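All remarks here apply to the structure that follows.
What follows draws every value from the coordinates through simple rules; no lab data is involved. Note that the structure is a prediction, hence the values are computed from the model and not measured. All Cβ positions, even for glycine, are placed from backbone atoms using ideal geometry, and neighbour counts span all protein chains on display.
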Amino acid sequence: MNEKPDSAFEPRIVAFTCQYCAYAAADLAGTLHRSYPASLRIVRLPCSGKLDALHVLKAFEEGADGVCLMACSEANCHHIDGSRRARQRIRYLQALLKEIGIEPERLAVITATSAMDGGLPQAAAEMTEQVRKLGPSPLAAQRIPSTPKNRFFA
Amino acid sequence: MIVAERKPFAEIQSLVAGRKRVLLLGCGTCVTVCMAGGEKEVGILAAELRMARQLAGEPIETVEDTVQRQCEWEYLDAVADKILAADTVLSLACAIGVQAIAERFPKVRVVPALNTSFLGLPTEHGVWKERCQACGNCLLGKTGGICPVARCSKSLMNGPCGGSQGGKCEVNPDIDCGWQLIYDRLSALGELDTLLEIEPPRDWRTSRDGGPRKIVREDLRQ
């Protein structure tokens, strides 16, 4: 971790968003002309439960400085168990990242609702700040040769 | 099914240390179902290895594939080109798959990514339990369909022992007493009198005591 965060460093964060909450909240934020950090690359999911371990690892492998899952609260998942399962998967992935040598704090869950007009920009700003403190991903500078075509950061 | 779990990542890393071109070969049968060595687990482990090695300044080239069954040579022959081109095959199959590769490709270095644990079944999402020890002489017909070899910690033939308390085993309170389960089941079936018959000492030669086992079917042999 960098001791002195570089304020000029703009993290690249892949945000996997449930279409029922965070994706709708991002839409609402746009409608209301509220801005949120450009660090976010939003990927829409039909449910947070669709998040696959491979999606997250691929994002980090391609140089993401952070990844976040924006999911409904566990009690409010449209698919009943999706949000809970996604959170279990995130905890599993945080342990994997630690084994690899990547700070697990680069991966986070943000609970969202479709009515959080100001909440989503604020959560995005907090995530951006958290990753900014960690500095660039150690993998960001060295793209892995065997990685297939870069999809997130083209 | 054969139930396995992945080895610790540090151990897997040490098994492929210094190797530059590794084939991660999954198996599409038992270890796919117990989520230890199928196509997805191959992808996850390959990504982990690539990232860890990149961070260590020792990049690794990974090739990923998954065959339907690693425990049959004909499925391995279909990916022979990839196996022969790798400087190490990291097998995500059970130990049978690892040995099938070693036997079929004598000059290929193959290492296991999994620990083969037991023969069992999933009792809930994410939980697998042992049900069979492949003793080679099934006596489930006498015990209500519950195996005393696999489910009794002592593999007693005439149980329970004095360590059975409240239906639990003295080895660990999380373990059901196998003989309590047998008693309850036979009771429900109205077959408790089966237990009056004393089971004589068992001939373990059909199990591991007879050395490595084999089955020959002359009607099928070529």
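Go through the range A:100-136 and give me each residue that's among the acidic types (Asp, Glu) and over 22 Å from A:Cys77 (Cβ atoms). Hits for the range A:100-136 are A:Glu103, A:Glu105, A:Glu126, A:Glu129.
When residues in the range B:44-69 are screened for being touching a Phe, Trp or Tyr at 6+ places or on another chain (Cβ under 9 Å) and under 18 Å from B:Ala17 (Cα atoms), 6 of them pass. Taking (1) under 16 Å from the mean Cα position of the chain (by Cα); (2) surrounded by fewer than 18 Cβ atoms within 10 Å (Cβ to Cβ); (3) assigned to a helix (DSSP H, G or I) in turn, B:Ala134 satisfies each apart from (3). Please verify whether the range A:85-97 includes one or more residues that are under 27 Å from A:Ala8 (Cα atoms) and within 14 Å of chain B (Cβ to nearest Cβ). Yes, there is a match, as at least one residue in the range A:85-97 is under 27 Å from A:Ala8 (Cα atoms) and within 14 Å of chain B (Cβ to nearest Cβ).
Just checking, which of B:Val22, B:Val42, B:Val31, B:Val63 is away from every other protein chain (no Cβ under 14 Å), crowded, with 16+ Cβ neighbours inside 10 Å and not in a loop (DSSP other than H, G, I, E, B)? Don't jump to the end; show me each part of the working.
Working: B:Val22 fails: away from every other protein chain (no Cβ under 14 Å); B:Val42 fails: away from every other protein chain (no Cβ under 14 Å); B:Val63 fails: away from every other protein chain (no Cβ under 14 Å).
Result: B:Val31 is the single residue among B:Val22, B:Val42, B:Val31, B:Val63 that is away from every other protein chain (no Cβ under 14 Å), crowded, with 16+ Cβ neighbours inside 10 Å and not in a loop (DSSP other than H, G, I, E, B).
When you scan the range A:11-41, how many residues do you find that are closer than 20 Å to A:Leu107 by Cα, charged (D, E, K, R) and out of contact with any Asp or Glu (no Cβ under 9 Å at 6 or more places or on another chain)?
Pass one, the range A:11-41, residues closer than 20 Å to A:Leu107 by Cα: A:11-19, A:21-23, A:26, A:36-41.
If we keep only those that are charged (D, E, K, R) too, we end up with A:12, A:41.
Add one more test, that the residue is out of contact with any Asp or Glu (no Cβ under 9 Å at 6 or more places or on another chain), and what stays is A:41.
Here the count works out to 1.
Restricting the range B:71-105 to residues that are of a type in the set (Gly, Ala, Ser) and touching a residue at least 12 places away in the same chain (Cβ under 8 Å), which is farthest from B:Gly37 (Cα to Cα)? Out of the qualifying residues, it is B:Ala85.
I'd like the residue in the range A:29-52 that is out of contact with any strand residue (DSSP E or B) (no Cβ under 7 Å at 6 or more places or on another chain) and crowded, with 18+ Cβ neighbours inside 10 Å and, out of all such residues, is farthest from the other protein chains (Cβ to nearest Cβ).
In the first step, residues of the range A:29-52 are kept if they are out of contact with any strand residue (DSSP E or B) (no Cβ under 7 Å at 6 or more places or on another chain); the result is A:29-38, A:46, A:49-50, A:52.
From what is left, the residues that are crowded, with 18+ Cβ neighbours inside 10 Å are A:29, A:36, A:49.
Details: A:Ala29: 32, A:Tyr36: 28, A:Gly49: 13 Å.
Ranking the candidates gives A:Ala29 first.
A:His78 - would you say it is within 11 Å of chain B (Cβ to nearest Cβ) and either more than 11 Å from the chain's Cα centre (by Cα) or surrounded by fewer than 24 Cβ atoms within 10 Å (Cβ to Cβ) (or both)? When the stated conditions are applied, A:His78 does not pass them.
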